[in-house]
Amino acid sequence: MKRNLQAGRPTSGGLSLNVFTDAEIDDIHLGSLEILERTGIWVEADDALDIFADGGCIVDRETRMVRIPPYVVEDAIRSSPPKSFLCGRDPDMDIVLEAGRVYVSNFDEGIMIVDSRSGEYRHPVLQDVREAARLVDGLSDIDAYESAVHPTDVPEVTASLHKWEAAIANTGKPVGTEATSAYDVKKLIEMATVISGSDDEFRRRPLIGFGVCPVSPLKLPRDATEVIIESSRAWCPDTILSMAMAGGSSPVTLAGTLVVHNAEVLSGITLAQLTERGCPVIYGSSTTAMDLRLAAACVGSPELALFSAACAQIARRYLIPSFVAGL
Amino acid sequence: MAGANQIYGAGMIESGVTFDFGQLVMDNEFARMIKHVVGGIAVNEETLALEDIAKVGAFGDFLSLDATLKHMRELSQPTVLDRRVREDWESLGSTDLAQRSRARALEIIETHQPVPLDADVAKQIRGIIEAADKEKGVA
């Protein structure tokens, strides 16, 4: 029997999940725009206040509240690239975050570790960073390494540098890192550029991605803005990731929490785009609900799954790559 | 399934406080299965397999067909999860998932060789850190 091709046949191309209708995403987006315009966001550092002011925002120097007009936010969303390349020492391991492609990375910044040899529960050391990176390198389906644990045997003030050195030597996969100051970012870029061989090559294929966290509700602390500004200038991908806790640092209702979460992430994205229009940014979420009886943030809960799926959908609507908690 | 580009959290226990290498090995396996599910079900002439279904009919089986050999590697295959029946599992030592995952983690850490970092590059990076430690007064 002959079965000829079917013209214009739509295919599913895989399983998908939508949390919201377009109208519901509009409601959350418009809610965040309204909060950013009328309530504003608290910004700690003067240089970030200057950038917001130069970009057309209304800055109150006394209260450090920045009110961002909707057109500035929407312009920042549009100038954010729709894809982000995360690059490793081994170019075969590079990944491209875009349009619904799904990658997995490890948890970051554990402050405790279970020793794999003795089973002992203890504080992590630098050797654990080396082993975590090596393990991620050897596991087929962990696509990128994030700074797995916070070692206690290196100086706190330069810990980011020590962690990155230990990780990069032990994996060819992309390495994401925490940074807490402009100084960290500059030094990390200097280190990564040695591997790249030249500034031009680093710019073309940055071997480092940063991550920062606004503080809920509605605050951009100095460490976050310093990293956003420096990584934007260097054109390195920067994940702006809020960790709101529904019922504690954001409304108990999930939609209200998303309005706050989205406003915070958009304020960071706006700062990045006002610093260096077109620089790569990633929409992040580790937002979840509080267990109000235990006063604990639950990161293995149905609410976390809903928030992460919702944020993925919002980011897809914005055509900005996403990075969310899960697994 | 919502199309998040990067999902992080593998290897984490205790609501984000603690990292566990054995958990990371398990999560690697779960990630592979999730990616498998995200892939969905391809529907085309070959996968619909109408001719094979007609040929095998009601009393044959599909084990020895060319298509089975060709596509068998597309099916999910666990490494630390154990699909054996109880008797077979017992005869292999009755290890649980946590034990197997931790053993696999140690095996990878001890034997896996990442792409080597050039010694001169490593030395320069070390130099930058030592200078930073000195600058910050923590050397």
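Remarks
- Magnitude of the charge dipole for the protein assembly as shown, about its Cα centre and with charges confined to Cβ atoms of Lys, Arg (+1) and Asp, Glu (-1), is about 760 debye.
- Rounded to 0.05, the FRET efficiency of the A:GLU276 and B:GLN124 pair, given R0 = 41 Å and the Cβ-Cβ distance, is 0.90.
- Between the residues A:SER12, A:SER286, B:THR47, the greatest Cα displacement towards the positive end of the dipole of the protein assembly as shown, with unit charges on the Cβ of Lys, Arg, Asp and Glu, is found for B:THR47.
- Site pair A:SER181 and B:ASP96 shows an inter-label distance of 4.5 nm when each label is modelled 7 Å from Cα along Cα→Cβ.
- Cβ-derived FRET efficiency at R0 22 Å, A:ASP199 paired with A:ARG78, nearest 0.05: 0.20
- Separation between Cα centres of the stretch B:69-92 and the stretch A:266-323, rounded to whole Å: 37 Å
- Spacing of the two label points (7 Å from each Cα toward its C-beta) at A:ARG101 and A:GLU156, in nm: 4.0 nm
- Taking the longest Cα principal axis of chain B as reference, the axis of helix B:97-111 is set at about 60 degrees.
- Ranked packing of B:112-125, A:39-52, A:202-215, most packed first, by mean Cβ within 10 Å: A:202-215, A:39-52, B:112-125
- Between the helical axis of B:21-38 and the longest alpha-carbon principal axis of chain B there is an angle of about 40 degrees.
- Surface analysis of chain A yields an accessible area of 41 Å² per residue, using protein heavy atoms and a 1.4 Å probe.
- Residue (of B:THR18, A:LEU327, A:PRO82) at the positive-pole extreme of the protein assembly as shown, dipole from beta-carbon charges: A:PRO82
- Formal net charge of residues neighbouring B:ARG126 (Cβ-Cβ distance under 12 Å; K, R +1; D, E -1): -3
- Farthest towards the positive end of the charge dipole of the stretch A:84-223, among the residues A:GLY211, A:ILE111, A:ILE168, is the Cα of A:GLY211, using unit charges on the Cβ of Lys, Arg, Asp and Glu.
- Listed peptides A:166-173, A:274-281, A:62-69 by packing density, highest first (mean Cβ within 10 Å): A:166-173, A:274-281, A:62-69
- Percentage relative contact order, chain A, counting C-alpha pairs under 8 Å, at least six apart: 19 percent
- Peptides A:293-305, A:140-152 ranked from most to least packed, by the mean per-residue count of other Cβ atoms within 10 Å: A:140-152, A:293-305.
- Taking every residue in B:103-115 and counting other chain Cβ atoms within 10 Å of its Cβ, the average works out to 6.
- The label point for A:ARG317 and the one for B:MET33, both projected 7 Å from the Cα toward the Cβ, are 3.3 nm apart.
- Charge dipole (debye, nearest 20) of the stretch A:176-298; +1 at Cβ of Lys and Arg, -1 at Cβ of Asp and Glu: 180 debye
- Residue-averaged beta-carbon neighbours from other chains (10 angstrom radius) around A:157-170: 4
- Ordered by solvent-accessible area of protein heavy atoms (1.4 Å probe), largest first, the residues B:MET33, B:MET26, A:MET191 come out as B:MET33, B:MET26, A:MET191.
- Number of partner chain Cβ atoms within 10 Å, mean per residue of A:192-202: 2
- FRET efficiency, 1/(1 + (r/R0)^6) with R0 22 Å, evaluated for B:ALA67 and A:ARG3 via beta carbons: 0.85
- Percent accessible area from carbon and sulfur atoms, the stretch B:11-139, protein chains only, probe 1.4 Å: 57 percent
- Taking 0.36 nm per residue of separation and subtracting the current Cα-Cα distance, fully stretching the chain between B:LEU75 and B:ILE41 would add 11.1 nm.
- In the assembled protein chains, B:HIS36 presents an accessible area of approximately 80 Å² (probe radius 1.4 Å).
The values are calculated or read from the model by the stated rules, or taken from the named source; none is laboratory data. Keep in mind that what you see is a predicted model, and the values were worked out from it rather than measured. Positions of Cβ are backbone-derived with ideal geometry, glycine not excepted, and every protein chain shown enters the neighbour counts. The accessibility values were calculated without ligands, DNA or RNA, using every heavy atom of the protein model including side chains. Shrake-Rupley method; radii C 1.70, N 1.55, O 1.52, S 1.80 Å.
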